[in-house]
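Down below is the structure, laid out as structure tokens.
The values are calculated or read from the model by the stated rules, or taken from the named source; none is laboratory data. Given the structure is predicted, the values throughout are model-derived calculations rather than measurements. Backbone-built Cβ (ideal geometry, glycine too); neighbour counts: all protein chains shown.
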Amino acid sequence: MPTPLDELPIRPLTPRDLLSCVALAVDRGWPPDERKWRLLLTAGNGFGIDEPSGAGLAGACVLTRYGTPGAGPGQELSAVGMLLVATAYERQGLGGRLMRHILGEADGAPLALYATRFGQGLYERLGFVTAGQNVTVKGRLRLSPSSGDPSPAGVTVRTATAEDLPAVAGLDAEVFGVDRTLMITRLPAFAEQLRVAVDGSAIIGFGALWSSASADVIGPLVARDTATAKALIASLADATHRPLRTDIDARHEHLLAWLKEQGMDAVLTTPLMVRDIPALPGDPERRYAPLTMATC
């Protein structure tokens, strides 16, 4: 039976809704990551439902498009993130309404998301299937004396420059399978650190460190191999005194084992779900961690 909530319209969100998005996240026990919300509302398309009183948001979600819309299979992908419904309005159908709206906005493009345990059932009903998982690790990286310098022979990790960005965007497109230039070019302003791994004159990996409410986050993390990923993580960790968090693709068991050996703890496993594709495009062997699970 329809309820008054069904009459509440879904509207686009803008950066003017930033504080309402943060308040909604806090209401659900999520960190008040204003910086992440600002990135998502500018690089992606946010949608929300206002509370009946107009005092805040009853629900929100963000769709981030990559590649060339309408270009066909393998040329586009959309990431779904930050699906939130205020505590006062949970279990009243708002999450489903927002997701069905997102499906319409995606206009047939393949979709990917990381599912919370509360949302997984909804996503399955909407045609999403599990295609992998990420392991969230947290803590302080304490390199043991026996580990030595993790950098592979001949590989140097340094701060990225403006001249590196085209190569970083090109490597990202190879590894993630779609063009994400508009997101990658925002990294220097978004992140505290953006570093590249270089072998000779070739960039073979990159990683960013950005500040969240309770920790500094390493992501995205792209590397030619696990040794290069370790070198990037060690370099980024050396740039902060705060606890770290990163979301590692569970296939990279050796990297996860190394992180645990260096003092970090696995705290959460999150399923990756996709719709209209069998798996994420690109090269999973070089894709170690996303920028954030809201952007895939």
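Here are some notes:
- Residue satisfying all of: in region 26-51; assigned to a helix (DSSP H, G or I) and more than 16 Å from the chain's Cα centre (by Cα); surrounded by the most Cβ atoms within 10 Å (Cβ to Cβ) among these: Asp27
- If you go through region 191-216 and keep only what is under 18 Å from Leu256 (Cβ atoms) and crowded, with 23+ Cβ neighbours inside 10 Å, you end up with Gly205, Gly207.
- Residues of region 19-41 that turn out to be of a type outside the set (Asp, Glu) and either over 19 Å from Met293 (Cα atoms) or in contact (Cβ under 8 Å) with a residue 60 or more places away in the chain (or both), as a count: 11
- Flag for Tyr66 being over 23 Å from the mean Cα position of the chain (by Cα) and not acidic (Asp, Glu): no
- Where a residue in region 256-277 is acidic (Asp, Glu) and its partner, wherever it lies, is in a strand (DSSP E or B), with Cβ under 7 Å and at least six apart: Asp265/Val137; Asp265/Lys138; Asp265/Gly139; Asp276/Leu111
- Of all the listed residues (Thr226, Thr295), the sole one being of a type in the set (Ser, Thr, Tyr), assigned by TED's automatic domain parsing to the domain that holds Ala167 and closer than 27 Å to Tyr66 by Cα is Thr226.
- As a summary of the residue check, Arg16 satisfies the conditions (1) surrounded by 20 or more Cβ atoms within 10 Å (Cβ to Cβ); (2) at pLDDT 95 or above except for the one numbered (1).
- Exactly one residue out of Gly132, Gly170, Gly177, Gly139 is over 14 Å from Cys296 (Cβ atoms), within 21 Å of the chain's Cα centre (by Cα) and surrounded by 17 or more Cβ atoms within 10 Å (Cβ to Cβ), and it is Gly139.
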